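Beneath this line is the structure, given in structure tokens, with notes to follow.
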Amino acid sequence: MLAPVKTPVVSSPPASGPAVRTLVVMALPALVVGIVSALVLYALEELASLLEHGLWDALPHAAGIDPSNGWWIFGVLTLTGLAVGLVVKFVPGHGGQDSAATDLIGPPQRVATLPSLALVAVLGLAGGVSLGPESPIIAINSGLLVAVGARFFPRIPGELAMVMAAAGTVGALFGSPIAAALILTGIVAARPTGGALWDRLFLPLVSAGAGSITMTLLARPSFAVSLPAYTSIAPIDLLSGAIVAAVAAAAGVVCVVLFRMLHPLFHGLKNPILYITLGGMVLGILGAIGGEVTLFKGLSQMAELLADRDQYGIGQLVIVILVKFAALAVAAAAGFRGGHIFPAVFIGVAVGILVNVLVPGVPLTLAVACGVLGVVLAISRDGWIALFIAALVSGNVIVIPLLCIAILPAWLIVTKAPEMIVSKDAPQPVPANP
């Protein structure tokens, strides 16, 4: 009996990546994209800061009103909702794609929508809405630079221009190109194009590095806060860190569920003037309850909360956490344009402070890092960015091994939970015109 003939398996050679000369030549456009991305972010945030100063400092002081007064907070946020609603209803572009219906890095939007998107983003940031700038500014830079590239540099593929713009913006937002590398690794690795992963990450990282350095020179952005020294790992820290991250992640999942319940209720009113103004009113009530520390994107507020943590009792910290969770869910559901990561970081810091107050044996640095890890993981559903921001906030490399352990049970909690997006099948923005 003859033995069966085995057909030899011939493996096809891997597709070659871009030539070294191509990477070198394209590095200059990547640098320009990163610098421009950072400059647009800086301009947007400076404009929002000027308007914020007028609304929360100059105007109330001229009127002899305390800006921390609950009625002032309610009034400003209500009027902010009305202003955003009017833009979404009447201004050409209609505020761009609803941030609740698209991923952090999505297809570029039409250039015609970008001015209105920038306007509603500035209004939200200045008015105290609990959303960050990351979603609108990535969309603005991607749409703008893809359109410019298609017009003046047609040899640069539109998808590559979009990825470089997103990378430059992320590097500028977080003050480090590492954030862009972590976020884009999954996106780039999933592409069918050939070549080594780092060949495909090379140009986005050039852009991210340029964006990060530019923004650092302009504004020195930082998520790092002042925390006590954490110099050695105790065995119990493995357990306590995992518990804190898991509890924080579970709380984040509740926020996501609340968001998904509220979105159809707000948008059921159909008219953006009605549902966004209503959202502003609800945010005003929440802000009046939680105080000024629960307003805005949360970057400077988390440093303030840590510096003044001795002034907060357990009940006050619980209120701050609940109010900020609710404010994030309402702002995202009611049609405001903005990102979810910045307020999630604030909530994680507040959770860590609360844990340290309840259980002083848990080091504050560990509690804060694991709190940030859990909340950001649940809100963003991105393990890399959750690990990166948690380590960045702690400012301590010693906690990184603990975070890598703590993220495991937290991931089991969030992996099958709903995502903080209306639907993966929701309409996506129309690609930018070439």
| query | Is it the case that some residue within segment 338-356 is at pLDDT below 95, in a loop (DSSP other than H, G, I, E, B), assigned by TED's automatic domain parsing to the domain that holds Ala246 and in contact with a Pro (Cβ under 9 Å, 6 or more places away or on another chain)? | reply | yes
| message | Just to be sure I understand the filter: pairs with C-beta atoms under 9 Å, separated by 6 or more residues or on different chains, first member in segment 134-151 and outside the structural domain of Val345 (by TED's automatic domain parsing), second member aromatic (Phe, Trp, Tyr). Which pairs pass? | response | Glu134/Phe174; Glu134/Phe342
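Looking for something within 25 Å of Ser116 (Cα to Cα), within 19 Å of the chain's Cα centre (by Cα) and not in a helix (DSSP H, G or I) - is there at least one such residue anywhere in segment 328-335? Steps first, answer last, please.
Of segment 328-335, the ones within 25 Å of Ser116 (Cα to Cα) are 328-335.
Still in the running and within 19 Å of the chain's Cα centre (by Cα): 328-335.
Checking the rest, the ones that are also not in a helix (DSSP H, G or I) come to 334-335.
Within segment 328-335, one or more residues are within 25 Å of Ser116 (Cα to Cα), within 19 Å of the chain's Cα centre (by Cα) and not in a helix (DSSP H, G or I).
For segment 73-86, give me each residue that is hydrophobic (A, V, I, L, M, F, W, C) and surrounded by fewer than 21 Cβ atoms within 10 Å (Cβ to Cβ). Explain how you work it out, then say what you get.
To start, the set of residues in segment 73-86 that are hydrophobic (A, V, I, L, M, F, W, C) comprises 73-74, 76-77, 79, 82-84, 86.
Within segment 73-86, Phe74, Leu79, Leu82, Ala83, Leu86 qualify.
Suppose we filter segment 133-183 for residues that are hydroxyl-bearing (Ser, Thr, Tyr) and not in a helix (DSSP H, G or I); how many remain?
Pass one, segment 133-183, residues hydroxyl-bearing (Ser, Thr, Tyr): 135, 142, 169, 176.
Filter once more, so that each one left must be not in a helix (DSSP H, G or I): 176.
Going through segment 133-183 one residue at a time, the tally reaches 1.
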| said: Being in the same structural domain as Ser135 (by TED's automatic domain parsing), assigned to a helix (DSSP H, G or I) and at pLDDT 90 or above is the requirement here; does Gly95 meet it? | reply: no
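Inside segment 24-71, can you point out the residues that are of a type outside the set (Asp, Glu) and not in a helix (DSSP H, G or I)?
Across segment 24-71, the qualifying residues are Ala63, Gly64, Ile65, Pro67, Ser68, Asn69.
Considering only residues that are at pLDDT 90 or above and among the small types (Gly, Ala, Ser), which ones fall in segment 288-302?
Pass one, segment 288-302, residues at pLDDT 90 or above: 288-297, 301-302.
Across segment 288-302, the qualifying residues are Ala288, Gly290, Gly291.
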| query | Of the residues that sit in segment 82-113 and are among the small types (Gly, Ala, Ser) and within 21 Å of the chain's Cα centre (by Cα), which one is farthest from Ile183 (Cα to Cα)? | reply | Gly95
| request: Please find, among Gly106, Gly81, the residue that is in a helix (DSSP H, G or I) and either on the phi < 0 side of the Ramachandran plot or at pLDDT 95 or above (or both). | output: Gly81
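Could you check segment 276-298 and list, in sequence order, the residues that are within 12 Å of Ala350 (Cα to Cα) and either charged (D, E, K, R) or surrounded by fewer than 24 Cβ atoms within 10 Å (Cβ to Cβ) (or both)? Break it down stepwise before answering.
Pass one, segment 276-298, residues within 12 Å of Ala350 (Cα to Cα): 293-294, 298.
Val293 - this is the single residue of segment 276-298 that is within 12 Å of Ala350 (Cα to Cα) and either charged (D, E, K, R) or surrounded by fewer than 24 Cβ atoms within 10 Å (Cβ to Cβ) (or both).
Tell me, please, whether a residue that is under 20 Å from Pro177 (Cα atoms), over 16 Å from the mean Cα position of the chain (by Cα) and touching a residue at least 12 places away in the same chain (Cβ under 8 Å) can be found in segment 397-410. First the steps, then the outcome.
Taking segment 397-410 first, the residues under 20 Å from Pro177 (Cα atoms) are 397, 400.
Within this subset, residues satisfying the condition of being over 16 Å from the mean Cα position of the chain (by Cα) are 397, 400.
Filter once more, so that each one left must be touching a residue at least 12 places away in the same chain (Cβ under 8 Å): 400.
Within segment 397-410, one or more residues are under 20 Å from Pro177 (Cα atoms), over 16 Å from the mean Cα position of the chain (by Cα) and touching a residue at least 12 places away in the same chain (Cβ under 8 Å).
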| task | Please indicate, with yes or no, whether at least one residue in segment 366-389 is in contact (Cβ under 8 Å) with a residue 40 or more places away in the chain, assigned to a loop (DSSP other than H, G, I, E, B) and not charged (D, E, K, R). | result | no
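The values are calculated or read from the model by the stated rules, or taken from the named source; none is laboratory data. Source: prediction; values computed, not measured. Virtual Cβ from ideal backbone geometry, glycine too; neighbours counted across all protein chains shown.
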